[in-house]
Amino acid sequence: MSAKIRLYVEHPLGQGQSVPLTRDQAHYLFGVMRLAVGGQVALFNGQDGEWLAEVAEASKRGGVLMCVEQTKPLQLPPDLWFLFAPIKKARTDFIVEKAAEMGAARIMPVQTEFTNSERIRQDRLQAHAVEAAEQCGGTYVPEVTELQRLDRVLDSWPDGRQLMFCDEAEVGSALRLAASDPGQPWAILIGPEGGFSDRERGRLSALPYAHVVSLGPRILRADTAAVAALAMWQQALGDWA
Ligand code: SAH
């Protein structure tokens, strides 16, 4: 049995578990989707897999769902961080949505020297990641972190995490992701519209854990590069393999 509507909730899910709804969730289910008592919803919380639930109580401002049965186990994405320099609002939203769909475990906006935007709305971006997980059938929602400076992120880089550095200066070169041990923690880095500065490129290329790659013979926009890089990594080392 499957339900069409999928909803992310911050509440434990399990056999016979009741799940109270927030005002917004009640509005969405009963006001927008016109669900009534007995109606079915698929729930996930990032921990307990997906559960089929039925509406037990419905009102304008709230309601209660009751878990019926587990319909999917929890499926965690590979341990992949996705670092990108935020660009214009709509394209940044797109990048977060796509990174969540493509299976990034953590989405990290970073400020580089040529990053155009100095602020992001972390809460809005997190909401986009939730929506993407709801619509793509995922059982996990990647965390979207606050904007951090790239140099600071590199200063405290964790031991053992590899970095796929997508460098537009390698456009047309044959540098691709070389085979490495599966199951290692990784990260992908995509630059802003202005690309990386020489200083950044110098530092990044010299890092022992960095793997410089080309995304083919054309310069891609940052949002296109994001999807291409995630596909390349998933194909070589991730859960497409
Ligand atoms: N303004 C820059 C391009 C930036 S493209 C220039 O004209 O050189 C935005 C980001 O997408 C880059 O920083 C890089 O991370 C990625 N990117 C785009 N095309 C790429 C390619 N062919 N190879 C590697 N990375 C690429």
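Under the condition of being within 19 Å of Leu230 (Cβ to Cβ) and within 10 Å of the ligand (Cβ to nearest atom), which residue from region 180-194 is surrounded by the fewest Cβ atoms within 10 Å (Cβ to Cβ)?
Across region 180-194, the extreme among qualifying residues is Glu193.
Given the options Ile107, Ile5, name the one that is of a type in the set (Val, Ile, Thr), out of contact with any Lys or Arg (no Cβ under 7 Å at 6 or more places or on another chain) and within 16 Å of the ligand (Cβ to nearest atom).
Just one listed residue meets the conditions, Ile107.
Hey, among Ala228, Ala206, which residue is hydrophobic (A, V, I, L, M, F, W, C), farther than 15 Å from Gln111 by Cα, within 16 Å of the ligand (Cβ to nearest atom) and surrounded by fewer than 19 Cβ atoms within 10 Å (Cβ to Cβ)?
Answer to the check: Ala228.
Just name the residue that is farthest from Gly238 (Cα to Cα) out of those in region 156-174 that are surrounded by fewer than 13 Cβ atoms within 10 Å (Cβ to Cβ) and touching a Ser or Thr at 6+ places or on another chain (Cβ under 8 Å).
Per the stated criteria, the residue is Gly172.
Among the strands (runs of 3 or more DSSP E) lying completely within region 43-88, list those that include at least 2 residues that are open to solvent by 20 Å² or more (accessible area, probe 1.4 Å) and touching an Asp or Glu at 6+ places or on another chain (Cβ under 7 Å).
Of the strands (runs of 3 or more DSSP E) lying wholly inside region 43-88, those with at least 2 residues that are open to solvent by 20 Å² or more (accessible area, probe 1.4 Å) and touching an Asp or Glu at 6+ places or on another chain (Cβ under 7 Å) span 63-72.
Give me a count of the residues in region 102-111 that are part of a loop (DSSP other than H, G, I, E, B) and either surrounded by 22 or more Cβ atoms within 10 Å (Cβ to Cβ) or not assigned by TED's automatic domain parsing to the domain that holds Trp186 (or both).
Result for region 102-111: 2.
Sort out which residues of region 89-101 are surrounded by fewer than 22 Cβ atoms within 10 Å (Cβ to Cβ) and of a type outside the set (Gly, Ala, Ser), and write them in order of number.
Lys89, Arg91, Asp93, Phe94, Glu97, Lys98, Glu101
Is it fair to say Val153 is at pLDDT 95 or above, within 16 Å of the ligand (Cβ to nearest atom), aliphatic (A, V, I, L, M) and open to solvent by 30 Å² or more (accessible area, probe 1.4 Å)?
When the stated conditions are applied, Val153 does not pass them.
Restricting attention to region 16-30, which residues are loosely packed, with under 11 Cβ neighbours inside 10 Å and under 28 Å from the mean Cα position of the chain (by Cα)?
The one that is loosely packed, with under 11 Cβ neighbours inside 10 Å and under 28 Å from the mean Cα position of the chain (by Cα): Asp24.
State yes or no: is Pro109 of a type outside the set (S, T, N, Q) and at pLDDT 95 or above?
Yes; evaluated as a whole, the condition is true for this residue.
Just to be sure I understand the filter: pairs with C-beta atoms under 7 Å, separated by 6 or more residues or on different chains, first member in region 203-225 and touching a residue at least 24 places away in the same chain (Cβ under 8 Å), second member within 12 Å of the ligand (Cβ to nearest atom) and among the hydroxyl-bearing types (Ser, Thr, Tyr). Which pairs pass?
Correct list of pairs: Ser214/Ser173.
If Leu215 satisfies all but one of (1) more than 6 Å from the ligand (Cβ to nearest atom); (2) open to solvent by 30 Å² or more (accessible area, probe 1.4 Å); (3) in contact with a helix residue (DSSP H, G or I) (Cβ under 9 Å, 6 or more places away or on another chain), what's the number of the condition it fails?
(1)
Could you tell me whether Asp198 is under 19 Å from Glu113 (Cα atoms), open to solvent by 60 Å² or more (accessible area, probe 1.4 Å) and without any contact (Cβ under 8 Å) to a residue 60 or more places away in the chain?
Against the criterion (under 19 Å from Glu113 (Cα atoms), open to solvent by 60 Å² or more (accessible area, probe 1.4 Å) and without any contact (Cβ under 8 Å) to a residue 60 or more places away in the chain), Asp198 qualifies.
The values are calculated or read from the model by the stated rules, or taken from the named source; none is laboratory data. Remember, predicted model here, so these are calculated numbers, not experimental data. Heads up, the Cβs are rebuilt from the backbone with ideal geometry, glycines too, and the neighbour counts pull from every protein chain shown. Surface areas here come from the heavy atoms of the whole protein model, side chains and all, with no ligands, DNA or RNA. Shrake-Rupley method; radii C 1.70, N 1.55, O 1.52, S 1.80 Å.
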